[in-house]
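Chemist: One structure, as structure tokens, below. Some questions next.
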Amino acid sequence: MIELAVVDLAGTTVRDDGAVEGAFVDALRFATDGPVDDATLDFVRRTMGMSKISVFRELLRDEDAAQTANAEFEAAYARRVTAGEVAPLPGAEAALRELRESGVYVSLTTGFSSATRDLLIEALGWRDLADLTVSPDATLRGRPAPDLVLASVISLEVEDVRSVAVVGDTCNDLISGTRAGASVVAGVLTGAHDARTLASAPHTHLLGSIAEFPAALRSREVVLT
């Protein structure tokens, strides 16, 4: 019944052990030449899953400063990827392979730029695990907008948004999937947002990890009418 799984990267399939937050801190210190306070860190954590440049625009309220911070974020995160600070979450590779072997398209989506996304996927050796990879750009808004999901639907020629399943570790992932009309919108407890936070967003499933996602799809009958 499910034709397409739209799957988040960092926190959902990839363990970053604070790499994303650390790169944000590095970028903000670089852009502002000062410390990062608790309120700013809280905002960064709440907006995980969103387009990074959008977060910097909201924080800095200046386009040049936001662009500077975003460039530094990309460089800081790339350094962490190169240093081996990111790795697949347990069961992630097996889950992605199982989805594809069962005939489900896999689209890996992220708030990272396409350059950072591709660096991460290459470092993980995941080029053959996805039918499509999608990031925000000049024409696609990041989460919580539905664009990344809908772009996947269009690119892979899926006939009905109700045959889409979305999985991610943040409220923004869940809101994006719901706005796109996906029948399955699953949160996983391996990333930025805990169970209580995820439960506050619209969802159909809360799972321990991505490893449980294929079984959740098999057990759920999705009837298209």
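The values are calculated or read from the model by the stated rules, or taken from the named source; none is laboratory data. Remember, it's a predicted structure, so these values are computed and weren't measured experimentally. Note that each Cβ is placed from the backbone with ideal geometry, even for glycine, and that neighbours are counted across all protein chains shown.
Chemist: Go through region 159-208 residue by residue and tally those that are crowded, with 18+ Cβ neighbours inside 10 Å, closer than 17 Å to MET48 by Cβ and of a type in the set (Gly, Ala, Ser).
Modeler: 8
Chemist: Considering only region 107-117, I want to know if a residue exists there that is modelled with pLDDT of 95 or more and under 15 Å from PHE213 (Cα atoms).
Modeler: yes
Chemist: Also, I was wondering about something else. Quick check: is even one residue across region 150-173 under 13 Å from THR12 (Cβ atoms), of a type in the set (Val, Ile, Thr) and in contact with a helix residue (DSSP H, G or I) (Cβ under 7 Å, 6 or more places away or on another chain)?
Modeler: Yes, region 150-173 contains at least one residue that is under 13 Å from THR12 (Cβ atoms), of a type in the set (Val, Ile, Thr) and in contact with a helix residue (DSSP H, G or I) (Cβ under 7 Å, 6 or more places away or on another chain).
Chemist: Can you list residue pairs whose Cβ atoms sit under 8 Å apart, with the first residue in region 23-42 being surrounded by fewer than 19 Cβ atoms within 10 Å (Cβ to Cβ) and the second being in a helix (DSSP H, G or I) and of a type in the set (S, T, N, Q)? Count only pairs 6 or more apart in sequence or on different chains.
Modeler: Final answer for the pair search is PHE30/THR68.
Chemist: Continuing with the same structure: Find all pairs meeting these conditions: Cβ atoms under 6 angstrom apart; at least six residues apart or on different chains; first residue within region 49-72 and closer than 28 Å to GLY177 by Cα and not assigned by TED's automatic domain parsing to the domain that holds ARG117; second residue among the β-branched types (Val, Ile, Thr) and in a helix (DSSP H, G or I).
Modeler: Within 6 Å, the pairs are ASN70/ILE53.
Chemist: What's the total number of residues in region 134-166 that are closer than 22 Å to ALA75 by Cβ and touching a Phe, Trp or Tyr at 6+ places or on another chain (Cβ under 9 Å)?
Modeler: 2
Chemist: Which members of region 124-139 meet the condition of being hydrophobic (A, V, I, L, M, F, W, C) and crowded, with 16+ Cβ neighbours inside 10 Å?
Modeler: Those that are hydrophobic (A, V, I, L, M, F, W, C) and crowded, with 16+ Cβ neighbours inside 10 Å: LEU124, TRP126, LEU129, ALA130, VAL134.
Chemist: Ok, one more. Among the residues that make up region 82-93, is at least one of them touching a residue at least 12 places away in the same chain (Cβ under 8 Å), assigned to a loop (DSSP other than H, G, I, E, B) and touching an Asp or Glu at 6+ places or on another chain (Cβ under 7 Å)?
Modeler: Checked region 82-93: at least one residue is touching a residue at least 12 places away in the same chain (Cβ under 8 Å), assigned to a loop (DSSP other than H, G, I, E, B) and touching an Asp or Glu at 6+ places or on another chain (Cβ under 7 Å).
Chemist: Continuing with this model, one more query. Which residue is farthest from ASN172 (Cα to Cα), if the candidates are limited to region 108-140 and must be in a loop (DSSP other than H, G, I, E, B) and of a type in the set (Gly, Ala, Ser)?
Modeler: The extreme case among them is GLY125.
Chemist: For the list (1) assigned to a loop (DSSP other than H, G, I, E, B); (2) in the same structural domain as LEU140 (by TED's automatic domain parsing); (3) surrounded by 14 or more Cβ atoms within 10 Å (Cβ to Cβ), I need the number of the one condition that GLY103 fails.
Modeler: Status for GLY103: all satisfied but (3).
Chemist: Give the residues of region 140-158 that are buried (at least 23 other Cβ atoms within 10 Å of the Cβ) and out of contact with any Pro (no Cβ under 9 Å at 6 or more places or on another chain), sorted by residue number.
Modeler: Applying the first criterion (buried (at least 23 other Cβ atoms within 10 Å of the Cβ)) to region 140-158 yields 142-143, 148-149, 152-153.
Residues satisfying the conditions are VAL149, SER152, VAL153.
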